[in-house]
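The values are calculated or read from the model by the stated rules, or taken from the named source; none is laboratory data. Note that the structure is predicted; figures quoted are calculated from it, not measured. Note that we place each Cβ from the backbone using ideal geometry, even for glycine, and neighbour counts take in every protein chain shown. Areas reflect the complete protein model, heavy atoms only, side chains present, ligands, DNA and RNA absent. Shrake-Rupley method; radii C 1.70, N 1.55, O 1.52, S 1.80 Å.
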Amino acid sequence: MKGMRCLLLFIAVCLAGSSGCAVHLAGDRLAGGFRYLPGSEKTLGRENFALLKRRYGREWRLNHGDRNAPPALGLAMSGGGMRSAAFNIGVLQGLHEAGLLERLDLMSSVSGGGYALSWYYLQRYSGASDAELFDPRGRFQRYLEENGRILTHSKSPVVRSAEYLVKAGANLFSLPFHWLANGLFDWNLNLAPYRWFYQNAIEREFHLTPAADGGAVNASRFLGLTVGVGKEVGFPEMRAFIERKEMPSFIINTTVRITDSMEHYSADFRNAVFEFTPFAYGSDGFGYRSGGFPVDIHTAVAISGAAADSSIMPARLGFMFSAMNTDLGYNIPNPNLESREPVIVHDLLPAPFYFFHRGNHDIRATSIYLTDGGHSDNLGAFSLVRRLCRRIIIVDAEHDPDYRFLAYRKLKQRLRAEMGVEFSLPDIDRGLVAFTMEDDGSLARTGTVPAAMRAGLGLGEKAAASYDAEAGAWMISDPGSGLVFTARREGGRLVAFRPYDGSKPVMRGTIGWFPLDLGHGPERVEIEVIYIKLSLDRQHLGQYPESVRSYCRRKPDWLHRRAGSFFPHESTGDISYGPAQFAAYRDLGRFIVERFMPALARQPRSAL
């Protein structure tokens, strides 16, 4: 009994002696720096520009235009697994052919968008040119089509079954070590085999450089199987490369798990969005570091796509998921601690004492836990907005079969809450224009749908209208056809809108405004957004490439029928693509850019 009291007293002394250890946040913290809300524009404009330059000035040196100002054109590629990766590679191909890829100043990605981004940069790093990468019949595109099996190495069902068993066995073997290191003690070791298998799969598909004979020139092999790249590429090496080649900088977005505290709040994008760039890594809550990167590019991409994680699951399921060592998240050392003392003490404390020493998920923790960037901003656009990129192309390829635009609405809400600015995409907020006519006042006076509008919308005589005062619009419904529209008075005309249906894949919007002074007086900066939505107009299928048409005509397999997921919104859980499936998504992305963005491509560089 006396020995137990001594042990408890020793632990209490350790806790008291180290709990007050200071932390240091590198770089500028947004909460005390960049102010977005309108106020004294002259003062705020100068302060905001100074902070932007201090934080992002090194990135500006890679701008194609003004290298002393925020980037003019950025690209954000959303999450969505293999679906997003294939579609975004098609978008990159379309931008290349339109002459826009070479005009980009900055690229940002999340999850599957990160597969595409890392593929582009790592293949360029290997010596390939844009023309080689996007040659439809070249070795790079053929390799992508033929090696989309993320889950397994082999096409053979027998070999695949054996591979599943080996991976499950590896996970069972890891459990005692996981329970000891991350259960009895809180050492935060990355011991999950499935996380390594997942990263290995990304490397096989997107990071290997294909040879002319169909193999890979930089592959690492184990027991005859390709297990990833032979030599990892770090962020410092990539920074030197893109500076030499004058390529745009890039951002790989992850999410840092944070608990509410006095320092920051877990719901805030500015703190939860944790970036990896060639110049720095961090978030506003944890600060930014320009050196000592804890991971390479391959690992950062895998973290950015670590969707399966106990941190976003209900408590009971999350506990089981964590206990079985199946989390895909990743721990990195907390660089903010000014000494190793708290880490040593924390590592010596067994459960339950380490719970009282330091929280697992705040700025005082001994490590930082990162997961899928989609757990915060699945569009990857927030990082471009906080850099005040003047024009942003957002590629939304998340799973959205009903076109609910949840990622857009989440970003819209956070921008309003954190920055005091509005993100507006009228084609989503109001709907698509279905019909317009001179407003004769009859709808407002009688509530009866005018005959011309009924004919234009294809409605029957029983179509009825009711006014929604909160929305400021008439709700029009037809019981015969089941069609529903909204109507508004705009500039002396009566305009009817229909819900978004996929027929308009490229939309325009704005984010703003922001006070900024670039040295020639304060201005109200409004960010222009070009929004590319993964969508398909099935009423006009004949306009699409043959690869898209033929894939649409196929009969879905049992898995897709069961999940209710159909092209182009097949389930994100489907991460093993065959050649036809990969080509369909890629060619759809290329077609949308080619068909719906020609006016943008014709604009001079100065306009971008």
Members of the stretch 194-215 found to be without any contact (Cβ under 8 Å) to a residue 12 or more places away in the chain and either open to solvent by 50 Å² or more (accessible area, probe 1.4 Å) or in a strand (DSSP E or B) (or both), listed by number: Trp196, Asp213
Which numbered condition Ala583 misses (of (1) at pLDDT below 90; (2) surrounded by 21 or more Cβ atoms within 10 Å (Cβ to Cβ)): (1)
Subset of the stretch 371-406 (residues that are of a type in the set (Gly, Ala, Ser) and open to solvent by less than 10 Å² (accessible area, probe 1.4 Å)): Gly373, Ser376, Gly380, Ala381, Ser383, Ala397
Selected residue [out of contact with any Asp or Glu (no Cβ under 6 Å at 6 or more places or on another chain), among the polar types (S, T, N, Q), at pLDDT 90 or above and open to solvent by 10 Å² or more (accessible area, probe 1.4 Å)] from Thr299, Thr254: Thr299
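Name the single residue that is modelled with the lowest pLDDT among those in the stretch 28-73 being open to solvent by 60 Å² or more (accessible area, probe 1.4 Å), outside any helix (DSSP H, G or I) and closer than 26 Å to Arg416 by Cβ.
Among them, the one singled out is Arg29.
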Residue identified as hydroxyl-bearing (Ser, Thr, Tyr), farther than 22 Å from Trp60 by Cβ and open to solvent by less than 10 Å² (accessible area, probe 1.4 Å) among Ser304, Ser311, Ser322: Ser304
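Based on what the data block shows, is Gly99 in a helix (DSSP H, G or I) and either open to solvent by 20 Å² or more (accessible area, probe 1.4 Å) or in contact (Cβ under 8 Å) with a residue 12 or more places away in the chain (or both)?
Judged against the criteria, Gly99 is not a match.
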Members of the stretch 567-595 that are among the basic types (Lys, Arg) and within 14 Å of Ala397 (Cα to Cα): Arg586, Arg590
Search result, residues across the stretch 102-136 that are in contact with a Leu (Cβ under 8 Å, 6 or more places away or on another chain), free of Cβ contacts under 8 Å to residues at least 60 places away in the same chain and either part of a helix (DSSP H, G or I) or closer than 25 Å to Gly57 by Cβ (or both): Tyr120, Asp130
Test: residue in the stretch 439-452 that is open to solvent by less than 50 Å² (accessible area, probe 1.4 Å), among the hydrophobic types (A, V, I, L, M, F, W, C) and farther than 21 Å from Asp429 by Cβ: yes
Residue in the stretch 529-549 that is closer than 30 Å to Ala72 by Cβ, in contact (Cβ under 8 Å) with a residue 60 or more places away in the chain and either open to solvent by 20 Å² or more (accessible area, probe 1.4 Å) or of a type in the set (D, E, K, R) (or both) present: yes
Check on Phe353, open to solvent by 20 Å² or more (accessible area, probe 1.4 Å), in contact (Cβ under 8 Å) with a residue 12 or more places away in the chain, more than 23 Å from Gly285 (Cβ to Cβ) and not charged (D, E, K, R): yes
Residue satisfying condition, being modelled with pLDDT of 90 or more and at positive phi, within set Gly447, Gly441, Gly431, Gly420: Gly431
Single match in Arg83, Arg149, Arg124 (criterion: closer than 25 Å to Ile303 by Cβ, surrounded by fewer than 20 Cβ atoms within 10 Å (Cβ to Cβ) and at pLDDT 95 or above): Arg124
